[in-house]
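A quick write-up on the structure given underneath.
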Amino acid sequence: MIPVCTKCKKAFKQQHPYACPKCEAPILLNYESLPGPFKDERMSGVWKYWRLLPDVSPSKRLYLGEGDTPLVKSSYLGKQLGIDELYFKIEGSNPTGSYKDRIAAVGLSWAGSRGRTACIGTSSGNAGAAVAAYAAKAGFSYHLAVLEHTVQAKLSQALLYNPSVYRIAAFGTDPEIGQQVFDLIFETSQRNNWEVMITAFRYNPYAMEGVKTISFEIAEQLGSSPAAVYVPAGGAGLFVGVSKGFHELYQQQLAASKPTVIAVQPEGCSNIVRAYEAGEKWPLPGISTTAISGLQVPNPPDGSLALEVMRNGDGAAISVSDEQILAVQQLLAEKEGIFCEPASAAAVAGLIRSCQLEKEAPTGRIVCVLTGHGLKDDRLMTEAIQSHPLPLMQVDQLKQFWKSD
Ligand SMILES: *Cc1c(COP(=O)(O)O)cnc(C)c1O
Ligand SMILES: [Zn+2]
């Protein structure tokens, strides 16, 4: 594992910086060619891939059942779109119900292996629940700043693990407030020797290595890399991590090709999509108006890294409306039997939108990463119960109802 500055390309040996001390650019971890096998069959979940993860001794590796999530073939939507092989990577199967568990497992194991016992971070809900669970497992204290508008189900879940939670006004809508919170967290972490658990490569490139295990699993489950992978994008760490995973497989000659990775944002927070379309190197900030929890990131910390991946020809970006996202969430439940949260449905809405724009379906195998479980966001559930009044019946009435003639 070699930390390398993404701007000046300096490689760091002894210390473990989280950003380049000279140019303040994000750093990413590079790996030498693997001398032996890629995967350690004795391990489960993300730790099977320890050879391409930060160095953590086996006794310090936290495990709650993260990773090893199913790849499910579409039975309805693929046919509708004219795609022979469409798959859903079900990240809702992780222990706290989202792929953030992969980041929490790697990040807190890495922090613990360096003697740290506390962490600090932000969350729209899922990272909070994930980090809180692994912090509980590891005996870490956890200081968590949440958005003004955090979905109740996610917040309640995080609170159950009993971290210290602070709810911040205008965090999640105003890009300046977002930056101030990130800066304050960074300073506080430095002063107290706490691990920063903001789920972005910009703030913790070590923890974020957990994300790429999604790509490793997909390539193994399919036997090779797919043609395209659709992911939702908020801060864009997921996009960067998934791209990095496929890039490493290609670099290590474990895959013959790399997929195009497509970042999908809601129109009300489409700072990366607008920059991509305008050919800009930095995301175009603006007030976020989307109601899709998890994708309300007006100042995406990994936006510039994501745009670089796109400029290199390995990715693209597309936006969809909140209404389209919620309609797709309902459709996935009704037609595929998959209940994912709205942020996850965004990936599929993006695929549908690209099929509409290109007038023909993308060719080859397509994977949509369904990042979190439907139980994470009770909006559709509340609507479902409100639109289906269920009057109480007596058994005799039911007999009447089901009478055969
Ligand atoms: C965090 C999250 C995302 C977005 O990931 P980013 O790295 O912020 O782009 C998407 N879906 C779910 C369910 C999430 O929890
Ligand atoms: Zn540098």
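We did not get these values from a lab; they are worked out from the coordinates using the rules stated. All figures in this text were calculated on a predicted structure; none of them were measured in a lab. We place every Cβ from the backbone using ideal geometry, glycine too, and count neighbours over all the protein chains shown.
Take every Cα-Cα distance within the range 216-276, group them into 10 Å bins from 0 onward, and report for each bin the whole-number percent of pairs it holds.
Cα pair-distance distribution for the range 216-276, in percent: 22, 48, 23, 7.
Using only the alpha-carbon atoms, how far is helix 322-331 inclined from the longest principal axis of the chain? Give it as 0 to 90 degrees, nearest 10.
Taking the Cα atoms of the chain, the angle to 322-331 is about 60 degrees.
Take TRP402, project a point 7 Å from its Cα along the Cβ direction, then tell me which residues of the range 355-396 have their backbone nitrogen under 11 Å from it.
Within reach of a label on TRP402: 395-396.
Which value at 222 nm does the chain reach when only helices count, each DSSP H run of 4 or more adding -39,500 (n - 2.57), with the total divided by all residues and rounded to the nearest 500 deg cm²/dmol?
Only helices count here, giving -11000 deg cm²/dmol.
Run the dipole for the range 307-391 about the Cα centre, Lys and Arg Cβ at +1, Asp and Glu Cβ at -1, nothing else charged, and hand back the magnitude in debye, nearest 20.
180 debye
Mean projection of the alpha-carbon convex hull of the chain over all orientations, in nm²?
Projected area, direction-averaged: 22.6 nm².
Find the lysine pairs in the range 52-172 meeting two conditions, Cα atoms under 23 Å apart and a separation of 8 or more places or different chains, and report how many there are.
For the range 52-172, qualifying lysine pairs total 10.
For the range 47-180, state the semi-axes of the equivalent ellipsoid (square roots of 5 times the eigenvalues of the alpha-carbon gyration tensor), sorted largest first and rounded to whole angstrom. Walk me through the numbers on the way to the answer.
Numbers: eigenvalues 162, 108, 33 Å².
The three semi-axes for the range 47-180 are 28, 23, 13 Å.
In what sequence, highest mean first, do 35-48, 184-197 appear when ranked by Cβ atoms within 10 angstrom?
184-197, 35-48
When the chain is fully extended, how far beyond the present Cα-Cα distance does HIS149 get from ARG191, taking 0.36 nm per residue of separation?
That works out to 12.3 nm of additional length.
Can you compute the charge dipole magnitude of the chain about its Cα centre, using +1 on each Lys and Arg Cβ and -1 on each Asp and Glu Cβ, nothing else charged? Give it in debye, rounded to the nearest 20.
The dipole magnitude comes to about 1120 debye.
By average Cβ neighbour count within 10 Å, what is the ranking of 339-351, 138-150, 206-218 from highest down? Display every interim value, and only then the final one.
Details: 339-351: 30.0, 138-150: 19.5, 206-218: 26.7.
Ranked from most to least packed, the peptides come out as 339-351, 206-218, 138-150.
State the answer as a single residue: which of LEU29, THR213, PRO232 lies farthest towards the positive end of the charge dipole of the chain, with beta carbon charges of +1 for Lys and Arg and -1 for Asp and Glu, about the Cα centre.
Farthest towards the positive pole: LEU29.
Starting from the range 282-361, pick out the trypsin sites (Lys or Arg not before Pro) whose DSSP state is loop and whose Cβ has at most 10 other Cβ atoms within 10 Å.
LYS359
About its Cα centre, how strong a charge dipole does the range 244-390 have in debye, to the nearest 20, once Lys and Arg get +1 and Asp and Glu get -1 at the Cβ?
320 debye
Taking a cut-off of 13 Å between Cα atoms, list the aspartates and glutamates near LYS10, but don't count ones fewer than 8 places away on the same chain.
Of all the aspartates and glutamates, those that pass the test against LYS10 - Cα under 13 Å, at least 8 places apart if same chain - are GLU24.
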